[in-house]
Amino acid sequence: MLPLDGGDLILRRSSVEAFAASLRGELLLQGHAGYDARRRVWNGMFDRRPALIACCTGVADVRRAVDFAREHELLTAVRAGGHSQSGKSTCDGGLVIDLQSMQGVRVDPQTQQAYLEAGSLLGQLDRESTAFGLATTAGTISDTGAAGLTLGGGIGRLGRRFGLACDNVASFDVVTADGRFLRASDDENTDLFWGLRGGGGNFGVVTSIAYRLHPMNPTIFGGNIAWPLDQARDAMRLYRDLAGEAPDVVNLMMDLHWEETGPVFGVEACWSGDHANGEKWLKPLRAHGKPAVDSIGPLPYVKIQSKDDVLFPNGGLFYLKSGFQTKLTDEGIDLILDVFGRTPRQFAMFSDHCGGAYARVPLAATAFPRRDMAFVLALYAGWQDPSDSEDLIAKARAFWRELAPLTSGFYTNYAAVDTKLAGYQENYGANLERLMTLKAEYDPMNLFRLNANVPPKA
């Protein structure tokens, strides 16, 4: 076993057996049936082998697992959706508190809230909510875990209209490092509520979340437009200008990627308001140049939320770098296009459209580190053969060094595997001091360290 201090630890068989007997769910060790399936996470770069996997079925199991981890000072990872870009939801030699069995979403159309178990995926939240003509911000990839996305802030296609996923949380249920079960909301444990909204997984294991929902037509007006790369410069400038003046009901996500026919520049539109207004507003974009693709039209929201899942398959190998942008200049566009033009086919870039409701929440209201971002620029590589990893990661780092001056900070949920502790701390900016104070109160031993970690204040 691997303890928190990085040394070596041997647990007595009787302790492990007693732990297993205390759980309703399974405790998996290497060699047990189901161990290999449970240890795998979305990003195939992380082929790790925890010593123990506690497959929790409810809060009682979570509390017991946290107590066991604390008492034995074990390296501990928390896995919900397992979609961590940087592999934080697993570990070698430690304990994984696995929430995959804790799934379910219940919508109350009267109170316009959704109650979600922490192992649930974003697609489940979208499906249940839109069945009642309701929705909330829920990322862009449907098989992402809702809890992890929300703890890191939660950008999504509805964010400019409704705010970050964490802005829409009514309450969290959480097991803290000392094994207490607490509810955090505007009325209870308000300091903890502040820290859970954007502070990563620093303060405990979230077991359920209540989200505020909003009335919305479950059929949006949107889709994709794409141009060959030789039209990209003018198209990207038009995109930049439209995105800067966009109403809250539209999200415009740009990307640069490789097709069989060559590289393309694309814009995905998600207009969640009146369709006639959306068709009129999007007309200049659709009329620009000679698009190779234009699939804009009425589309179920759950379809646009899941259409990119195929680009990020479970078990694929991924490396991503990102940064916040407060503006996108002509010179920045030229640099982005120049860098992308030199990337191999395994690479792509995208830019999340921000502003709107994101920016109307005061910075001090939640732990989320930035509210002034206009875009989140990201460069990523995706591949299948592990023998390509060293070369592609080195290329990605080199390309990002060129792009980094266009950005500042980074979106926690896009953090790369090589992000250092100092990088996380710097990224929290003005909120770091308060986060460190909270950490000292709720997790003084830093049991929950496999996350966008902040140290307890001395």
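The values are calculated or read from the model by the stated rules, or taken from the named source; none is laboratory data. These figures come from a predicted structure and were not determined experimentally. Here the Cβ positions follow ideal geometry from the backbone for every residue, glycine too, while neighbour counts run over all protein chains shown. Each accessible area value is taken on the protein alone, full model and side chains, heavy atoms only, with ligands, DNA and RNA left out. Shrake-Rupley method; radii C 1.70, N 1.55, O 1.52, S 1.80 Å.
Rundown of residues vs (1) within 23 Å of the chain's Cα centre (by Cα); (2) farther than 30 Å from Leu116 by Cβ; (3) touching a residue at least 24 places away in the same chain (Cβ under 8 Å), yes/no style:
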site: Ala18; (1), (2), (3): no, yes, no
site: Arg39; (1), (2), (3): yes, no, yes
site: Ala51; (1), (2), (3): no, no, yes
site: Ala60; (1), (2), (3): no, no, yes
site: Asp67; (1), (2), (3): no, no, yes
site: Ala77; (1), (2), (3): yes, no, yes
Members of region 419-435 that are more than 27 Å from Leu320 (Cβ to Cβ) and crowded, with 17+ Cβ neighbours inside 10 Å: Arg434
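Which of the strands (runs of 3 or more DSSP E) contained wholly in region 174-274 include at least 3 residues that are of a type in the set (A, V, I, L, M), open to solvent by less than 10 Å² (accessible area, probe 1.4 Å) and touching a Leu at 6+ places or on another chain (Cβ under 9 Å)? Before the answer, list the steps.
Numbers: elements: 181-185, 205-212, 219-228, 250-259, 262-271.
It comes to 205-212, 250-259.
Going through Pro298, Pro284 one at a time, which residue ends up being surrounded by fewer than 19 Cβ atoms within 10 Å (Cβ to Cβ), under 29 Å from Thr136 (Cβ atoms) and at pLDDT 95 or above? Show your work before the answer.
Numbers: Pro284 fails: under 29 Å from Thr136 (Cβ atoms).
Exactly one of Pro298, Pro284 is surrounded by fewer than 19 Cβ atoms within 10 Å (Cβ to Cβ), under 29 Å from Thr136 (Cβ atoms) and at pLDDT 95 or above, namely Pro298.
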Residue match in region 396-409 (condition: closer than 28 Å to Leu4 by Cβ and either open to solvent by less than 30 Å² (accessible area, probe 1.4 Å) or among the charged types (D, E, K, R) (or both)): no
Checklist (1) within 20 Å of the chain's Cα centre (by Cα); (2) of a type in the set (A, V, I, L, M); (3) loosely packed, with under 15 Cβ neighbours inside 10 Å applied to Leu377, failing item: (3)
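If I filter region 380-395 down to residues being of a type in the set (Asp, Glu) and part of a helix (DSSP H, G or I), which single residue comes out as most open to solvent (accessible area, probe 1.4 Å)?
Residues of region 380-395 that are of a type in the set (Asp, Glu), as a first pass: 385, 388, 390-391.
If we keep only those that are part of a helix (DSSP H, G or I) as well, we get 388, 390-391.
Details: Asp388: 58, Glu390: 154, Asp391: 82 Å².
Only one residue tops the list, namely Glu390.
Residue-wise test of (1) farther than 15 Å from Ile141 by Cα; (2) hydroxyl-bearing (Ser, Thr, Tyr).
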site: Ser306; (1), (2): no, yes
site: Asn314; (1), (2): no, no
site: Asp330; (1), (2): yes, no
site: His353; (1), (2): yes, no
Scan of region 127-155 for residues that are on the phi < 0 side of the Ramachandran plot, open to solvent by less than 10 Å² (accessible area, probe 1.4 Å) and not aliphatic (A, V, I, L, M), ordered by number: Ser129, Thr136, Thr137, Gly145, Thr150, Gly152
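Condition check ((1) part of a loop (DSSP other than H, G, I, E, B); (2) open to solvent by 10 Å² or more (accessible area, probe 1.4 Å); (3) out of contact with any helix residue (DSSP H, G or I) (no Cβ under 7 Å at 6 or more places or on another chain)) across all residues:
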residue: Gly332; (1), (2), (3): no, no, no
residue: Leu337; (1), (2), (3): no, yes, no
residue: Met349; (1), (2), (3): no, no, no
residue: Ala364; (1), (2), (3): no, yes, yes
residue: Arg371; (1), (2), (3): yes, yes, no
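Out of curiosity, is Thr419 of a type in the set (Ser, Thr, Tyr) and either assigned to a helix (DSSP H, G or I) or on the phi > 0 side of the Ramachandran plot (or both)?
Values: of a type in the set (Ser, Thr, Tyr): yes; either assigned to a helix (DSSP H, G or I) or on the phi > 0 side of the Ramachandran plot (or both): no.
Against the criterion (of a type in the set (Ser, Thr, Tyr) and either assigned to a helix (DSSP H, G or I) or on the phi > 0 side of the Ramachandran plot (or both)), Thr419 does not qualify.
When you go through Gly273, Gly223, Gly262, Gly266 one by one, which is the residue that is at positive phi and at pLDDT 95 or above?
On the way: Gly273 fails: at positive phi; Gly262 fails: at pLDDT 95 or above; Gly266 fails: at positive phi.
Every option except Gly223 fails the conditions.
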Residue under evaluation Gly163, criteria (1) touching a strand residue (DSSP E or B) at 6+ places or on another chain (Cβ under 9 Å); (2) in contact (Cβ under 8 Å) with a residue 24 or more places away in the chain; (3) not charged (D, E, K, R), criterion not met: (1)
Looking only at region 20-33, and only at residues there that are without any contact (Cβ under 8 Å) to a residue 12 or more places away in the chain and of a type outside the set (A, V, I, L, M), the one that is nearest to Gln100 (Cα to Cα): His32
Test: residue in region 301-319 that is more than 30 Å from Ser86 (Cα to Cα), out of contact with any strand residue (DSSP E or B) (no Cβ under 7 Å at 6 or more places or on another chain) and open to solvent by 40 Å² or more (accessible area, probe 1.4 Å): no
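For region 449-458, which positions are closer than 23 Å to Ile155 by Cβ and open to solvent by less than 40 Å² (accessible area, probe 1.4 Å)? Please lay out each step first, then the result.
Going residue by residue through region 449-458, those that are closer than 23 Å to Ile155 by Cβ are 450-454.
Result: Asn451, Ala452, Asn453, Val454.
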Some residue of region 288-295 being without any contact (Cβ under 8 Å) to a residue 40 or more places away in the chain, at negative phi, surrounded by 13 or more Cβ atoms within 10 Å (Cβ to Cβ) and part of a loop (DSSP other than H, G, I, E, B): no
